[in-house]
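Down below is the structure, laid out as structure tokens.
The values are calculated or read from the model by the stated rules, or taken from the named source; none is laboratory data. From a predicted model like this one, the values you see are computed outputs, not experimental measurements. Virtual Cβ from ideal backbone geometry, glycine too; neighbours counted across all protein chains shown. Ligands, DNA and RNA are excluded from the accessible area calculation, which covers all protein heavy atoms including side chains. Shrake-Rupley method; radii C 1.70, N 1.55, O 1.52, S 1.80 Å.
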Amino acid sequence: MHTIPFDTRAVFIGGRWQAPAGGATLPLLNPSDGTTLAAIARGGASDVDAAVAAARSALAGDWGRLTAAERGRLLLKMSALVLEQADELARLEALDVGKPLKQGRTDAVALARYLEFYGGAADKVHGETIPFANGYTAFTLREPHGVTAHIVPWNYPMQIIGRSVGAALAMGNACVLKPAEEACLTALAFARIAGQAGLPAGALNVVTGLGEEAGAALAAHPGVQHISFTGSVAVGALIQAAAAKNAVPVTLELGGKSPQIVFADADLDAALPFLVNAGIQNAGQTCSAASRILVQRPVFDVVAQRMAERYRALRVGPALDDPDVGPLISQRQRDAVLGFLELAGGVVGTGSAYIVAQAPLPATLPADGCWAPPTLVAGAEPGHRLAQDEIFGPVQVLLPFDDEADALAIANGTAYGLVAGVWTRDGSRALRMARRLQCGQVFVNNYGAGGGIELPFGGVKHSGHGREKGFEALYGFSTLKTVAIKHD
Ligand code: NAD
């Protein structure tokens, strides 16, 4: 039995841990071996009501009275506590998400960095004076929305909490956080850290539970003034519909089918580690996973061969063993990924999808873990499901291209538009590609920029809208008021 150092069956409302109104719980599974880790509170509509009311009281009380600098200092305190507890947070994430320890630690450090970034920024966001008509003074004020809802998925709980709750708190909102039912230990640990740092009661509330219960109640709640949602396209559409009923703004951070585009003049030694890592990180369950690798024909075979070598050497194993690739989040996710792999049944050279290389699954893996072999695929046409659908597993598809126009047509030819990578030594080409790629972020001669806390992030098309991360998020988590004063 693994130790969880807090009561997982409680929700965090108004600074207090309490049983959910319905008293029910849900099991939390360890994806590395299928065992039950803990029971979590199955929060519902009345818990969400109480959390929204607590957030509202915080805005009218101690939290709302703090200056921006005081809010920033609290976030910095939380950041320091996260760093102090990084190893423990990584262990919780490994158990809960199946994330290799090293990646869990990276996420904890990223959470600390988000809190540091937004803590430092809290008192640096301000309005402007506007040269308006004679006899007037006009200016703008940046104000919090009020109560903000944060519905997050299971794949990067700490990073997503950092970028959305961190920015929202910096701007003076009071937050209600609904973590995913599959993985919520670090969200609960984060609430504990907020308490340890002395965040005023009600500024952060956490209600665990099912998406269709606690999540839907939160999205539809008339007391919520902004919704930040990260998750699937299908649920994102439900969230936007619920928000429309209350006329509140939403940020949707949805899925992706992001390409890395390798031109023949690229520095392949520099590109290779990024090509594979951005596909297998967190077992491919990353919204910005580089799940399509577009390679210019003259270097296609060499790139395929070198990626294949890396795939065959990948270590797959339980998260606490800190492998290269851990399990998927659930058996359901594993079945979905294996279903995609069945589509790669072709034979080399026939023009249908085939498997180039696969990492071995050791015979010692726990039988009830959610294992899928990291797999490199080629031969699929750009319109094939393997090259179009978000697989959300450790599967990358190699696609050849002829020239820039061809690369752009393939890269832009999916429903998504989240991130793209371009590998080339030609600066003009890099700039042309950066302008013509339809997505929210473009990386040239790198991918992901080591997390890029400072870099605004978000999608176009089915990847969503609105921006989180960077300074930009602070505008999304605030509203602008214009004041015009006539004085003579
Ligand atoms: P999901 O949409 O099923 O769940 C996400 C969250 O929404 C969970 O907290 C869940 O409980 C909640 N939810 C589910 N149904 C709901 C409902 N009816 N009303 C309100 N809330 C509800 O997504 P998932 O399968 O957990 O996550 C995977 C998806 O998330 C992938 O598509 C991935 O690309 C995307 N994602 C995007 C980003 C990004 O930043 N763009 C980051 C991580 C994950």
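Structure values in brief
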{"quantity": "Answer from V483, V444 - the residue that is touching a Leu at 6+ places or on another chain (Cβ under 9 Å), under 25 Å from A407 (Cβ atoms) and among the aliphatic types (A, V, I, L, M)", "calculated": "V444"}
{"quantity": "Test result for G349, surrounded by fewer than 24 Cβ atoms within 10 Å (Cβ to Cβ), out of contact with any Ser or Thr (no Cβ under 9 Å at 6 or more places or on another chain) and either among the basic types (K, R) or part of a loop (DSSP other than H, G, I, E, B) (or both)", "calculated": "yes"}
{"quantity": "Qualifying residue in segment 25-47 (condition: open to solvent by 70 Å² or more (accessible area, probe 1.4 Å) and either within 28 Å of Y118 (Cβ to Cβ) or assigned by TED's automatic domain parsing to the domain that holds D368 (or both))", "calculated": "no"}
{"quantity": "Failed criterion for F401 (all others in (1) over 20 Å from the mean Cα position of the chain (by Cα); (2) surrounded by fewer than 19 Cβ atoms within 10 Å (Cβ to Cβ); (3) touching a residue at least 12 places away in the same chain (Cβ under 8 Å); (4) over 20 Å from P273 (Cβ atoms) hold)", "calculated": "(2)"}
{"quantity": "Pair list, Cβ < 6 Å and 6+ apart or interchain, from segment 327-338 residues that are in the same structural domain as A283 (by TED's automatic domain parsing) to residues that are among the aromatic types (F, W, Y) and assigned to a loop (DSSP other than H, G, I, E, B)", "calculated": "P327/W371; I329/W154"}
{"quantity": "Count of segment 260-277 residues which are β-branched (V, I, T) and surrounded by fewer than 22 Cβ atoms within 10 Å (Cβ to Cβ)", "calculated": "0"}
{"quantity": "Hits in segment 226-259 (condition: open to solvent by less than 10 Å² (accessible area, probe 1.4 Å), of a type in the set (G, A, S) and more than 9 Å from the ligand (Cβ to nearest atom))", "calculated": "S228, A243, S258"}
{"quantity": "Verdict on A357 being buried (at least 23 other Cβ atoms within 10 Å of the Cβ), at pLDDT 95 or above and closer than 28 Å to W423 by Cβ", "calculated": "no"}
{"quantity": "Test result for V302, among the β-branched types (V, I, T) and open to solvent by 10 Å² or more (accessible area, probe 1.4 Å)", "calculated": "yes"}
{"quantity": "Qualifying residue in segment 432-450 (condition: farther than 18 Å from R292 by Cβ and under 21 Å from the mean Cα position of the chain (by Cα))", "calculated": "yes"}
{"quantity": "Test: residue in segment 283-296 that is without any contact (Cβ under 8 Å) to a residue 24 or more places away in the chain and open to solvent by 10 Å² or more (accessible area, probe 1.4 Å)", "calculated": "no"}
{"quantity": "Residue satisfying all of: in segment 212-225; of a type outside the set (A, V, I, L, M) and near the ligand (Cβ under 10 Å from one of its atoms); surrounded by the fewest Cβ atoms within 10 Å (Cβ to Cβ) among these", "calculated": "E212"}
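For (1) part of a helix (DSSP H, G or I); (2) of a type outside the set (F, W, Y); (3) surrounded by fewer than 20 Cβ atoms within 10 Å (Cβ to Cβ), each residue gets a yes or a no:
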{"position": "L376", "(1), (2), (3)": "no, yes, no"}
{"position": "L386", "(1), (2), (3)": "yes, yes, no"}
{"position": "E390", "(1), (2), (3)": "no, yes, no"}
{"position": "A405", "(1), (2), (3)": "yes, yes, yes"}
